[in-house]
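Have a look at the structure below, then the notes.
Taken together, the values in this text are just the output of simple stated rules run on the coordinates, not laboratory data. The model shown is predicted, which means the values in this text are computed figures rather than measured ones. Note that each Cβ is placed from the backbone with ideal geometry, even for glycine, and that neighbours are counted across all protein chains shown.
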Amino acid sequence: MAKAYLEITLQVEAANRANAAGVYNKYKAPFLETIKGALSKELLAHTDNVQVLHGFDSVINAQEYLLSRLFNDDVVVALRPYLTGQPDVKIYEVV
């Protein structure tokens with residue numbers, strides 16, 4: 001069971017949502033297979049935005065993912081062309 005969640009809210013126009021979903025799909029398996037403490041990753045679509053919800057075994061591992069090469073050199077770079085604003089990043093601890 002997840003003990004922490006990393007929620008990243010992205011502003012993506014409707015025309016670019018399929019491309020953003022492609023980035024999600026491309027990096028889901030590497031996230032789950034290589035990131036310490038990664039338990040789950042879900043893509044949530046809303047009419048106003050898109051959220052990626054990452055489940056972790058600890059807050060520390062969620063924080064460390066934000067510093068990882070996979071996140072910064074791959075995911076962020078791949079998503080950049082589709083974003084219309086700055087991502088909103090939050091980490092939640094399950095209590």
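Quick look at the values:
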| read-out | value |
| --- | --- |
| Complete set of residues in region 37-69 that are assigned to a helix (DSSP H, G or I) and surrounded by 15 or more Cβ atoms within 10 Å (Cβ to Cβ) | V59, N61, A62, E64, Y65 |
| Residue satisfying condition, being touching a residue at least 12 places away in the same chain (Cβ under 8 Å), farther than 13 Å from I8 by Cβ and touching a Leu at 6+ places or on another chain (Cβ under 8 Å), within set A38, A78 | A38 |
| Whichever residue in region 1-30 is more than 19 Å from P81 (Cα to Cα) and touching a residue at least 40 places away in the same chain (Cβ under 8 Å) and, among such residues, is surrounded by the fewest Cβ atoms within 10 Å (Cβ to Cβ) | M1 |
